[in-house]
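Asks: This is the structure I have questions about; it appears just below.
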Amino acid sequence: MRKKPNRKKTTKPSKHFRKSDFKPTLDKNREDTTFEFPEDGIVLNKYVALCGICSRRKAVEYVKDGKIKVNNKIITVPYHKVQQKDKVYFEDKLIKIEEKKVYILMNKPKNCITTAKDPEGRKTVLDIVANACKERVFAVGRLDRNTTGLLLLTNDGDLAKKLSHPSSEVKKLYYATLDQSFSTIDLEKLLKGLDLEDGRIEVDEAGYVEDSKRMEVGVEIHSGRNRIVRRIFEHLGYEVKKLDRIYFAGLTKKDLPRGKWRYLTDKEVIMLKHFTR
């Protein structure tokens, strides 16, 4: 059983968060890797992920839903072995393993969704990186339409699975701008942990953002539960007017303007693959 790290908890308000706390790496190189097909084949869900369609976990759903064909035959077993000579189709379109791994960091703007397609025709994050590469990339995790900030896009299904899995305990830091001043009593409640409708939630650190008159609160959290930061403040009686993710898995958005993107450096890719908090 994996031993969880020992984190020191405090019920005292954390020090002020400063917007200069997080410094970026500026090298804009990208990593190229060559894929070698194993002699004994690849399980189907991994093959789909390596094609840059989605994460391995999502690929399992696609397979079970009958969206994947191997040699024109629908396969619903995620661990079916694909051989190098096989032809694999996703929604009747031939897919192939992406040999070049792409890692893109975006400062997501508001009114932009993270899904690949939107039936309502709204702008997606893939529209923003349309000219970044010829490989098909997807977002690691999601930010809702009105949440801004750091978003990682890649065609590396294994890395996406690792960063999305709860055991990785990926550190995220959000700045939440509220509709009213956040009281010290509620800050203490937040630091002690809250019981939400889907279970208890604990933050790792929280405090007022410097010079925000207590209207902006920094929240460090490892949970990946849906809309968790917004639901935390709603539980305490506040409306989140703005939500910005400024830190994700060791990456920062400083010097990356809203709506812009950059390739990760080789150093950053290695850091993510050998993830340390």
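The values are calculated or read from the model by the stated rules, or taken from the named source; none is laboratory data. Since the model is a prediction, treat every value here as computed from it, not as a measurement. Positions of Cβ are generated from backbone atoms using ideal geometry, with glycine treated the same way; all protein chains shown enter the neighbour counts.
Asks: What pairs can you find where one residue is in the range 253-271 and assigned by TED's automatic domain parsing to the domain that holds MET106 and without any contact (Cβ under 8 Å) to a residue 60 or more places away in the chain, the other is outside any helix (DSSP H, G or I) and surrounded by fewer than 16 Cβ atoms within 10 Å (Cβ to Cβ), and their Cβ atoms are less than 9 Å apart, with a gap of 6+ or different chains?
Replies: MET271/GLY250
Asks: Going through the range 184-211 one residue at a time, which ones are touching a residue at least 12 places away in the same chain (Cβ under 8 Å) and of a type in the set (Gly, Ala, Ser)?
Replies: ALA206, GLY207
Asks: Does GLY141 count as on the phi > 0 side of the Ramachandran plot, in contact (Cβ under 8 Å) with a residue 60 or more places away in the chain and either part of a strand (DSSP E or B) or surrounded by 15 or more Cβ atoms within 10 Å (Cβ to Cβ) (or both)?
Replies: On the way: on the phi > 0 side of the Ramachandran plot: yes; in contact (Cβ under 8 Å) with a residue 60 or more places away in the chain: yes; either part of a strand (DSSP E or B) or surrounded by 15 or more Cβ atoms within 10 Å (Cβ to Cβ) (or both): yes.
Spelling it out, GLY141 is indeed on the phi > 0 side of the Ramachandran plot, in contact (Cβ under 8 Å) with a residue 60 or more places away in the chain and either part of a strand (DSSP E or B) or surrounded by 15 or more Cβ atoms within 10 Å (Cβ to Cβ) (or both).
Asks: Continuing with this model, one more query. Please find, among LYS134, LYS87, LYS123, the residue that is over 30 Å from LYS254 (Cβ atoms) and loosely packed, with under 15 Cβ neighbours inside 10 Å.
Replies: Details: LYS134 fails: over 30 Å from LYS254 (Cβ atoms); LYS123 fails: over 30 Å from LYS254 (Cβ atoms).
Result: LYS87 is the single residue among LYS134, LYS87, LYS123 that is over 30 Å from LYS254 (Cβ atoms) and loosely packed, with under 15 Cβ neighbours inside 10 Å.
Asks: I need the full set of residues from the range 33-56 which are modelled with pLDDT of 85 or more and either within 12 Å of GLN84 (Cα to Cα) or over 18 Å from the mean Cα position of the chain (by Cα) (or both), in order please.
Replies: Answer for the range 33-56, where residues must be modelled with pLDDT of 85 or more and either within 12 Å of GLN84 (Cα to Cα) or over 18 Å from the mean Cα position of the chain (by Cα) (or both): PRO38, GLU39, ASP40, GLY41, ILE42, VAL43, LEU44, ASN45, LYS46, TYR47, VAL48.
Asks: Consider VAL209 carefully, then state whether it is farther than 23 Å from ILE104 by Cα, in contact with a strand residue (DSSP E or B) (Cβ under 8 Å, 6 or more places away or on another chain) and buried (at least 18 other Cβ atoms within 10 Å of the Cβ). Quick ask: steps written out before the conclusion?
Replies: Numbers: farther than 23 Å from ILE104 by Cα: yes; in contact with a strand residue (DSSP E or B) (Cβ under 8 Å, 6 or more places away or on another chain): yes; buried (at least 18 other Cβ atoms within 10 Å of the Cβ): yes.
Considered against the rule, which asks whether it is farther than 23 Å from ILE104 by Cα, in contact with a strand residue (DSSP E or B) (Cβ under 8 Å, 6 or more places away or on another chain) and buried (at least 18 other Cβ atoms within 10 Å of the Cβ), VAL209 comes out as yes.
Asks: Scan (1) more than 12 Å from the chain's Cα centre (by Cα); (2) not in a helix (DSSP H, G or I) for the single condition SER167 breaks and write down its number.
Replies: For SER167, the exception is condition (2).
Asks: Any residue at all in the range 75-93 that is closer than 26 Å to ILE246 by Cα, modelled with pLDDT of 90 or more, assigned to a strand (DSSP E or B) and basic (Lys, Arg)?
Replies: No, that holds for no residue.
Asks: If I ask for residues that are in a strand (DSSP E or B) and within 17 Å of ARG56 (Cα to Cα), which ones from the range 94-107 would you list?
Replies: Residues of the range 94-107 in a strand (DSSP E or B): 94-95, 103-107.
If the condition is that a residue be in a strand (DSSP E or B) and within 17 Å of ARG56 (Cα to Cα), then ILE95, TYR103 are the ones that fit.
Asks: Check THR148 against each of (1) hydroxyl-bearing (Ser, Thr, Tyr); (2) assigned to a strand (DSSP E or B); (3) over 30 Å from LYS242 (Cα atoms) and name the one condition it does not meet.
Replies: Tallying (1) hydroxyl-bearing (Ser, Thr, Tyr); (2) assigned to a strand (DSSP E or B); (3) over 30 Å from LYS242 (Cα atoms), THR148 fails exactly one: (3).
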